[in-house]
Structures are given as C-alpha cells and as structure tokens.
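Peer 1: Before I ask anything, here is the structure I am working with.
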Amino acid sequence: MGASRALIVGPAWVGDMVMAHSLFQLLKARDPQRALDLIAPPATLSLATRMPEIAEAMVLAIPHGRLALRERLRLGRQLRERHYTQAYVLPRSYKSALPAWASGAQRRTAYLGEARFGLINDIRHEPAGAKLRTVERFLLLGLEPGEPLPEVPAPRLRADPEAGRRCAERFGIDLTMPLLALCPGAEYGPAKRWPARHFARLARTYHDRGWRVLVLGGPHDQEVARAIDTLSEGACANLTGQTTLLEAVDLMALATAVVSNDSGLMHVAASLHRPMVAVFGSSDPHHTPPLDDRAVTVTLGLECSPCFARTCPLGHLRCLEDLTPERVEEALEATIEASRVTVLNDS
C-alpha cells in the first residue's frame with residue numbers, strides 16, 4: 001500500500017496562500033511520506049509551484065462569489081480514487097468544503113465557518129480568549145485538538161532568479177543598480193493604501209540616489225501606479241498589470257528592498273526574505289504581520305485604528321495621510337542596514 005495522501009482546499013487571497021505555507025511545512029515535517037494535494041482558484045494556484053511541500057496543485061476555475069455546486073462536487077468526485085485520509089479546508093465558506101466532502105476524505109478538518117455540519121467532521125475551535133494571528137489559525141488545523149502551537153515556520157516561497165533576470169531584461173531593468181520595489185495596491189480597499197503622493201516622494205528620493213524603482217501589482221493597481229509615476233516625475237518603472245504573479249515574485253526576489261501596503265505582495269516579499277517596510281492603516285500589524293525578521297511594520301496607532309474598514313469611516317484617513325515618507329524612509333534604511341550587518345556577520 002502506497003503512502004497516504006491529504007487534500008488541502010487553499011485560500012483565494014494571495015496573502016493567505018503565502019501564510020498557508022507555514023501549515024504546509026508543518027504537515028510535511030510531521031509526515032514526510034504523506035503527499036499533499038492542493039485545490040485553489042487561479043488567483044493563488046501558481047504560488048503552489050513555489051512550495052515544494054505540495055505534490056500536485058489543481059485549479060478550481062470558478063469565478064469568485066459563485067456557488068457552482070455542481071462543479072465543486074464534480075471536482076471532488078474526480079479525486080475519490082486518490083483515497084485521501086484527510087482534507088484540510090482553509091476558507092470558512094460553505095462552498096469551499098464541498099470538494100473535500102465529495103472527495104470522500106475520511107477526516108475533514110476545518111473551522112465550522114458557515115455552519116458546515118456534515119461537510120466537516122473534524123471541527124476545530126479557536127482557544128477561548130486567544131487573539132490568534134491568521135497564520136496561527138492555519139497552523140492549528142495541522143495539530144491535534146488541544147495541542148499547543150509550535151514556533152511558526154516562516155513562509156518561504158522559492159524564487160527563480162534566472163526567470164527574474166529574464167523578466168528584468170524584458171522591461172529594461174538595470175540590475176547593476178540597487179532596486180526598490182513598491183507595492184501600492186491592496187485589494188481590500190483604500191483604507192489600506194498609503195497615498196500615491198507618499199509613494200511618489202519615496203520613489204523620487206531613491207531614484208535621485210541612483211536606485212532603480214519598480215512598481216509591482218495587478219491590473220487593478222494600474223491607476224495608482226500611473227499616479228505615482230506622474231507625481232514622481234518618471235522616477236519609476238511601472239510594471240503593474242504587465243507581469244504574472246510568478247514574474248512579480250521573481251522580480252521581487254532580486255530587489256534590494258521593498259515598501260508595501262498590507263497586501264498579498266507584502267507577504268510575498270516577506271517570504272522571499274527581502275528587507276521591507278510594510279505600511280499599515282486600517283488593519284492591524286499584530287493580526288497579519290509580514291512573517292520575516294527583515295520586515296518591519298510602520299503604523300501611527302491612532303485611537304481610531306485599527307478599524308478594519310475598507311474606506312475611512314471618519315473621512316480623513318489620517319492613519320495613512322499623516323504617515324510621512326520620511327518615517328517610512330527611516331524604517332527602510334534601518335532594515336537595510338540591519339540586513340547588511342547580518343550578511344557581514346554570517347560571512
């Protein structure tokens with residue numbers, strides 16, 4: 001009889017998928033012979049190719065928000081011949097549990113979420129009164145009930161340096177210069193986006209010092225990226241919407257430093273162990289921090305934050321408007337210098 005297999009239903013958000021890598025590492029460390037298969041939507045599936053713990057990644061090609069009951073059940077039934085001993089369902093929605101149930105997995109582990117009685121037969125509960133980070137909630141699914149949390153294994157995406165160099169060449173990026181990557185997007189909403197003029201001022205500062213500045217992001221980030229480019233008087237190379245997610249990963253792996261909003265690309269940069277400043281506004285740096293010792297977070301800690309709102313309920317967005325480029329620059333220089341010292345001490 002062959003080694004056992006487990007099925008994982010992965011998150012739809014890039015940042016959550018990166019943080020889920022901590023769980024995948026834990027599962028593989030506990031049972032190295034068990035194969036881990038992953039189901040995920042197109043938006044996050046490609047990241048699994050940079051996670052060696054995943055044996056096979058399968059796409060769930062259903063538009064966000066659709067129930068698509070028949071398609072989800074069909075995918076699960078197609079997997080029955082794999083005889084999964086366990087399934088882990090990371091999203092909390094009812095529909096996300098359907099493929100795991102239809103796959104016939106003996107043990108289906110998840111939080112109850114949207115009243116998924118029957119679909120989930122190994123229901124987990126967060127410890128009473130605990131303020132867990134998202135990554136810790138994922139890790140608890142890989143433990144037995146009541147087992148204490150271990151040290152969190154940092155997510156570590158594998159980059160392809162050669163692919164990154166080819167991509168840089170395609171866009172005319174000079175890699176002999178220090179490289180600053182800016183990630184001004186945040187799908188959640190404007191209350192997580194540092195103002196374009198602040199990004200532009202930072203870009204101009206580093207451009208004038210001889211750095212190459214890239215703006216990375218998806219198609220939805222093109223408007224803010226164009227604003228940054230204009231306000232910085234052409235100090236940036238705007239690559240938003242022009243790269244795949246994996247190309248952005250490989251380019252970011254070549255960056256000297258990164259400045260990002262609290263977003264999926266923030267977690268990508270942390271997983272690549274790049275010196276980074278993560279800017280937090282309406283969200284909480286204790287809830288979804290970048291999981292790397294080279295990453296620092298900056299936040300003003302106003303009385304009204306974190307509010308977790310998509311748009312500022314008070315209409316002023318002071319948590320980000322008042323967070324100056326000078327403060328971010330100071331934090332960035334500190335983490336770059338600390339990284340240099342670490343490299344020198346290790347050499």
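The values are calculated or read from the model by the stated rules, or taken from the named source; none is laboratory data. If you're wondering where the values come from, they're calculated on a predicted model, not measured in any experiment. Using ideal geometry, Cβ is built from the backbone for each residue, glycine included, and neighbour counts are taken over all protein chains shown.
Peer 1: Examine the range 51-71 for a residue that is free of Cβ contacts under 8 Å to residues at least 60 places away in the same chain, surrounded by 13 or more Cβ atoms within 10 Å (Cβ to Cβ), in the same structural domain as Ala20 (by TED's automatic domain parsing) and farther than 28 Å from Glu247 by Cβ, and state whether such a residue exists.
Peer 2: Checking the range 51-71: at least one residue is free of Cβ contacts under 8 Å to residues at least 60 places away in the same chain, surrounded by 13 or more Cβ atoms within 10 Å (Cβ to Cβ), in the same structural domain as Ala20 (by TED's automatic domain parsing) and farther than 28 Å from Glu247 by Cβ.
Peer 1: For the range 58-69, state whether one or more residues are under 27 Å from Val249 (Cα atoms) and either modelled with pLDDT of 95 or more or not in a loop (DSSP other than H, G, I, E, B) (or both).
Peer 2: Looking for residues that are under 27 Å from Val249 (Cα atoms) and either modelled with pLDDT of 95 or more or not in a loop (DSSP other than H, G, I, E, B) (or both), one finds at least one in the range 58-69, hence yes.
Peer 1: State whether the residues of the range 21-31 include one that is more than 10 Å from the chain's Cα centre (by Cα), assigned to a loop (DSSP other than H, G, I, E, B) and acidic (Asp, Glu).
Peer 2: Yes, the conditions are met somewhere in the range 21-31.
Peer 1: Grab the strands (runs of 3 or more DSSP E) fully contained in the range 246-337, keeping just those with 1 or more residues being buried (at least 24 other Cβ atoms within 10 Å of the Cβ), within 15 Å of the chain's Cα centre (by Cα) and not aromatic (Phe, Trp, Tyr).
Peer 2: 257-261, 276-279
Peer 1: Residue check, Ala186 against (1) in a loop (DSSP other than H, G, I, E, B); (2) modelled with pLDDT of 95 or more; (3) in the same structural domain as Leu300 (by TED's automatic domain parsing), all met but one. Which one?
Peer 2: (2) is the only condition that Ala186 fails.
Peer 1: Still on this structure: Looking only at the range 189-235, count how many residues are surrounded by fewer than 16 Cβ atoms within 10 Å (Cβ to Cβ), over 19 Å from Ser282 (Cα atoms) and touching a residue at least 60 places away in the same chain (Cβ under 8 Å).
Peer 2: Adding up the residues that qualify gives 0.
Peer 1: If you don't mind, there's one more thing I want to ask. With assigned to a helix (DSSP H, G or I), outside the structural domain of Asp293 (by TED's automatic domain parsing), in contact with a strand residue (DSSP E or B) (Cβ under 6 Å, 6 or more places away or on another chain) and surrounded by 14 or more Cβ atoms within 10 Å (Cβ to Cβ) as the only criterion, which of Ala105, Ala87, Ala97 stands out?
Peer 2: Ala97
Peer 1: Restricting the range 147-183 to residues that are part of a loop (DSSP other than H, G, I, E, B) and among the acidic types (Asp, Glu), which is farthest from Ser22 (Cα to Cα)?
Peer 2: Asp174
Peer 1: Can you tell me which of Val268, Val249, Val258 is closer than 16 Å to Ala331 by Cα and among the aliphatic types (A, V, I, L, M)?
Peer 2: Going through Val268, Val249, Val258 in turn, the sole match is Val258.
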